[in-house]
1. Once you charge only the Cβ atoms, +1 for Lys and Arg and -1 for Asp and Glu, what is the size of the charge dipole of the chain about its Cα centre, to the nearest 20 debye?
2. Going by C-beta contacts inside 10 Å, put R138, R118 in order with the fewest on the left.
3. Given H placed 1.01 Å from N in the peptide plane, which residues other than close sequence neighbours of N92 have an amide H under 5 Å from its amide H?
4. I need the fraction of alpha carbon pairs in the stretch 64-111 separated by more than 12 Å, rounded to a whole percent.
5. Using amide H atoms built 1.01 Å from N in the peptide plane, name the residues 5+ places from T87, or on other chains, whose amide H lies under 5 Å from its own.
6. Residue farthest toward the positive end of the dipole of the chain, with Cβ of Lys/Arg at +1 and Asp/Glu at -1: which of S49, V21, Y6?
7. Please state the relative contact order of the chain as a whole percent: Cα pairs under 8 Å, 6+ residues apart?
8. Debye sum, Cα scatterers, the chain, no solvent: what log₁₀ I/I(0) at q = 0.14 1/Å?
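Bear in mind that the values in this text are calculations on the coordinates, not laboratory data. Quick caveat, the model's predicted, so the values are computed rather than measured. Backbone-built Cβ (ideal geometry, glycine too); neighbour counts: all protein chains shown.
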Amino acid sequence: MDSKEYLKNWTVNYARFRAEVHKGKIETVQGTTTAFLKDKKVIYVPMISVNDFARAADNSTIVTFNTKENLKSLTEKWGNLAEKKLTLIMVNPFSKPEEKWIIVPHVHEKICDKASLRQGLKTMHETAGAVSEDQISRL
């Protein structure tokens, strides 16, 4: 299984879990998984790189690997990400007990101290630990 396929499968499993908790259902079409929860629709888009976020529609949830490169891209593109109503799930399949961290840039932008944004993102990134390109290639 390659990294793209792994990320798609991880996304489907995560969406399935969320749908079960909220008594909803999911459907997957062309690599995008949609969860229909009792009070909302969530579109999950697996992406290898945060740089690809531009193709995600508002109210999408981007699922990507928790790499140092993605953290750097997240920090550099923060302003653009905060303009869209996106959720980001950063995944490290090799980390225990935390294998992911989740952030909603649009909301975070409103409540965070801009001077400590970079440090705050780095701290959240470290919670799940960085996954390396070498580790990803072994999936």
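1. 400 debye
2. Ascending number of Cβ neighbours within 10 Å: R138, R118.
3. N66, K100
4. When all Cα pairs of the stretch 64-111 are counted, 62 percent exceed 12 Å.
5. S60, T61, I62
6. Projecting each Cα onto the dipole axis, the largest value belongs to V21.
7. This gives 20 percent for the chain.
8. Computed log10 I(q)/I(0) values: -0.63.
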